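**Q** I'd like to ask some things about the structure below.
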Amino acid sequence: MTTKEIKFVKWVKEQCKLHGVKCSLRNVKYLKLSGNIKCSGYFDGGDSPILAVAMNRKDWIEILAHEYCHLTQWVDGIKLWDKAMVSLVEVNDWLSGIDVKNPSEHVAVARDLELDNEKRTASLIKEWGLNVDLDCYIKKANAYIQFYNHLTKTRRWSNPGNSPYGNVNIYNAMPTTFTMRYTKMSKKVEELFVREGI
């Protein structure tokens, strides 16, 4: 870790402590989220708030920044947060094979929460001057946000080995700004996700 990374990790830990959040930075590549869904990190603001990140990855610093920004959404009490806490449960149930009412509406709420969070993360990376290629990060963020639209068609989470933000062909097709149409996937982007097996 660089000096700046050490300072950033220390600061995140301090922020977690300040807000009563357990900070779990684990020396693994993936974390088990729920059921068979693996992820690189998560923030849960429930009864026992926790921020968890898989640190044995090249992109750990951006994952940590991303999950920390979810903590800021929770602390800020944004309206979308409460709505998403209901929708995320519905999305997880739906992905597990349980029929839920209006799954596409719940997925849209999750997508919008991620869009707000990715904008926060890009600002945080810039503010701290973290060693992250910001243009590349925003491309990956756009791929991840668009993935939620794709999810409504596939009803399955992406394979950790072929995630939208890990697939070079997908994220290189994305813009370096948050200017996409996020409410609906374009035909071109949809075809790319299908072709890449996401």
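Please treat every number below as a calculation from the coordinates, not as lab data. Note that this is a predicted model, so its numbers are computed, not measured. FYI the Cβ positions are ideal-geometry reconstructions off the backbone, even for glycines, and counts take in every protein chain you see.
**Q** For a label point 7 angstrom out from the Cα of N27 toward its Cβ, which stretches of the stretch 45-77 have the backbone nitrogen within less than 12 Å?
**A** Counting backbone N atoms under 12 Å from the label point, the list is 55-56.
**Q** Something else: On a 18 Å Cα-Cα criterion, which of the cross-link pairs K153/K188; K38/K139; K13/K58; K58/K140; K126/K184 come out too long? Mind dumping the intermediate values first?
**A** Working: K153/K188 15 Å; K38/K139 22 Å; K13/K58 20 Å; K58/K140 14 Å; K126/K184 28 Å.
Long pairs (Cα-Cα over 18 Å): K38/K139; K13/K58; K126/K184.
**Q** Go ahead and run the numbers for FRET between T177 and D47, Cβ-Cβ distance against an R0 of 25 Å, rounding to 0.05. Working shown, then result.
**A** On the way: r = 38 Å, r/R0 = 1.51.
Efficiency, from the Cβ-Cβ distance: 0.10.
**Q** Would you list, by chain and number, the lysines whose Cα falls below 19 Å from the Cα of K17, excluding same-chain residues fewer than 8 positions away?
**A** Correct list for K17: K7.
**Q** Give the distance, in whole Å, between the Cα centre of the stretch 137-195 and the Cα centre of the stretch 19-61.
**A** A separation of 22 Å, based on Cα centres.
**Q** Turning to a different aspect of this structure: What are the residues whose amide H is under 5 Å from the amide H of K38, where those residues sit 5 or more places off or on another chain and H is modelled from the backbone?
**A** Long-range HN contacts for K38: L33.
**Q** Now for a separate question. How are the C-alpha pair distances of the chain spread across 5 Å bins, as whole percents from the shortest bin up?
**A** Going from the shortest bin to the longest, the percentages are 1, 7, 16, 20, 22, 18, 10, 4, 1, 0.
**Q** Test of understanding: what is the full-extension gain from T2 to K184, defined as 0.36 nm times their sequence separation minus their Cα-Cα distance? Before the final figure, lay out the partial values.
**A** Values: separation 182, 0.36 × 182 = 65.52 nm, distance 3.98 nm.
My answer for the length gained is 61.5 nm.
**Q** Which residue fluctuates most in the GNM of the chain (Cα springs below 10 Å): L18, L64, L88?
**A** Residue with maximal mean-square fluctuation among L18, L64, L88: L18.
**Q** On to the next question. If I measure Cβ to Cβ between cysteines in the chain, which ones have no partner under 4.7 Å?
**A** By the Cβ distance rule, which asks for a partner under 4.7 Å, the isolated cysteines are C39, C69, C136.
**Q** Oh, and also: Show the residues, 5+ positions off or on another chain, whose built amide H is closer than 5 Å to the amide H of S24.
**A** L51, A52, V53
**Q** Compute, for the chain, the length of the dipole vector about the Cα centre, with Cβ point charges of +1 (Lys, Arg) and -1 (Asp, Glu) only. Units Debye, rounded to 20. Could the numbers behind the result be given before it?
**A** On the way: 29 positive and 23 negative charges, 83 e Å.
The dipole of the chain has a size of about 400 debye.
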